[in-house]
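Q: Sharing a structure here in C-alpha cells format.
Derivation of every value follows stated rules applied to the coordinates shown; laboratory data play no part. All of these numbers come straight from a predicted model, not from anything done at the bench. In this analysis, Cβ positions are derived from the backbone assuming ideal geometry, glycine residues included, and neighbour counts consider all displayed protein chains.
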Amino acid sequence: MSVTVFGSLNLDVALRVPSRATWGQTVLVDDAAQAVGGKGLNQAVAAARFGSKTRMAGAIGEDEAGALLRSALEDEGVDTRGLATISGATSGRATILIEPGGDNFIAVETGANRLATSEMALAVWDPGTRVLLMQLETDIDAMAALLSHEASAPVRKIVNFAPALPEGRRLFDLTDMLIFNQSEFAEYLQLDREPEGLEDLLVARRILSRPKQAVVVTLGASGSAAVWADEAMVFPGFRIDDVVDTSGAGDCFCGVVASCVDQAIDPKSALRLANAAAALSVTGRGAAPSIPARPAVDAFLASITG
C-alpha cells in the first residue's frame, strides 16, 4: 500500500497584511515567513503524516530552494526518488498574502514545476501504489500521460482540480475521484454562483462518466460533499474559532483523503477525517507546517464525541 503524488513543489513566502488590498493599493506587511509548499508537496506531507507510505514525483530547480524542498520531504519520510533536479531551472515559488481573518491570495511562479514529466513518476513506480494523487500546477499533458498509462490502471486516481484551468477538463474522464473547492466547481460547471447546498451540487453528475467515479467538493468551514451517480451526501465541518491561516487547508484535505483511500477507510469516515484534519490545519501558520498528524486528528475527534 502506498500513495504516489505527482505535482508541484514551491518555496512559499507568506506575508501577513493588516487588511485586504485592492489593485493599486500599497500595504505594509505585519509579518513575513518562508516555508516549503506547493500543492503537490503539501498533499504528500498530509498523506505521509496520516500514515501512508508516500512517494513524491515532480521537478525542482538546481538551487537552494530545491534542496530545501527535497530535504523537507525526506524529513517527513517521503520517498523523493521520483523528484528530478532540473539543471539551469529555478524551483517554483509562491507569494501568499494573508489577511487578519485567515483568508489568502496566492500568486505562483511555476519554475521547474512546468518541466515535470510522467516519466519521472514511472521511472520509480512502486507496484504497491494504491493511490495516484495530482493537482493542476504541472503540465496537463504529463498528467494525462500518467493517468492513462498502464502502470496506473489498477490504482485509484485522484485529481485536485486546482487551480481551475479550462484544459483540466481533459482529465475528467481519466480520474476516479475529482476534488474541487466551491469556486472551482462553479467555474468548471459554468454556474452563475458557488454551490450552497446539496441540491446545488447534484449538477456534478454531468461530469461523471462511469460507475464508482465520484466528485468531492470542499465547502470551507461547512465541510465537504460527495456525489456519486446514485448517491450524494454532505459531511459537516468543524467549528474553529481561532483561524490563523487557511492557505493549506485544501491540500491537507486532499492528502488525507488519498491516505484514507490507501488505507481502505470507507468514504464516509474518510471525508469526516479529512474535514477534521483541514479544520485543525487552519490553526497554524504555513501550509505544510500546519498539517496535523493522524494522532492529532484522532484526538480532536475524540474530544468532540467525548
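Q: Taking the range 170-233 as the region of interest, what is the percent of Cα-Cα pairs per 5 angstrom bin, listed from the shortest bin to the one with the maximum distance?
A: The calculated distribution, bin by bin, is 4, 20, 33, 26, 14, 3, 0.
Q: How big is D for the range 16-106, in µm² s⁻¹ as a whole number, if Stokes-Einstein is applied with the Kirkwood radius of its Cα pairs at 20 °C and 1.002 mPa s?
A: Once the numbers are plugged in, D ends up at 144 µm²/s.
Q: Moving to a separate point now. Test of understanding: what is the full-extension gain from L189 to R170, defined as 0.36 nm times their sequence separation minus their Cα-Cα distance?
A: 5.5 nm
Q: Also, quick follow-up: Would you mind listing how long the chain runs along its three principal axes, going by Cα atoms, in whole Å with the largest first?
A: 50, 45, 41
Q: Then there's this: Can you give the log10 of the normalised intensity I(q)/I(0) at q = 0.08, 0.10, 0.14 Å⁻¹, computed with Debye over equal Cα scatterers of the range 61-216?
A: Result of the Debye calculation: -0.28, -0.44, -0.85.
Q: Follow-up question, since we're still on this one. I'd like the distance between the alpha-carbon centres of the range 49-103 and the range 129-184, rounded to an integer number of Å.
A: 19 Å
Q: Where does the charge balance sit around Q182 when Lys and Arg score +1, Asp and Glu -1, over other residues with C-beta under 11 Å from its C-beta?
A: The answer is -4.
Q: Tell me what the chain gives for mean residue ellipticity at 222 nm when only DSSP H runs of n ≥ 4 count, each as -39,500 (n - 2.57), the sum divided by the residue total, rounded to 500 deg cm²/dmol.
A: My calculation for the chain gives -8500 deg cm²/dmol from helical runs alone.
Q: Let me ask you something else. Where the eigenvalues come from the Cα gyration tensor of the range 204-252, what are the semi-axes √(5λ) of the equivalent ellipsoid, largest first, in whole Å?
A: Value: 27, 12, 6 Å, ordered largest first.
Q: Each label point is 7 Å from the Cα along the Cα-to-Cβ direction; what then is the distance between the points at V234 and F300, in nm?
A: Using points 7 Å along Cα→Cβ, the separation is 2.1 nm.
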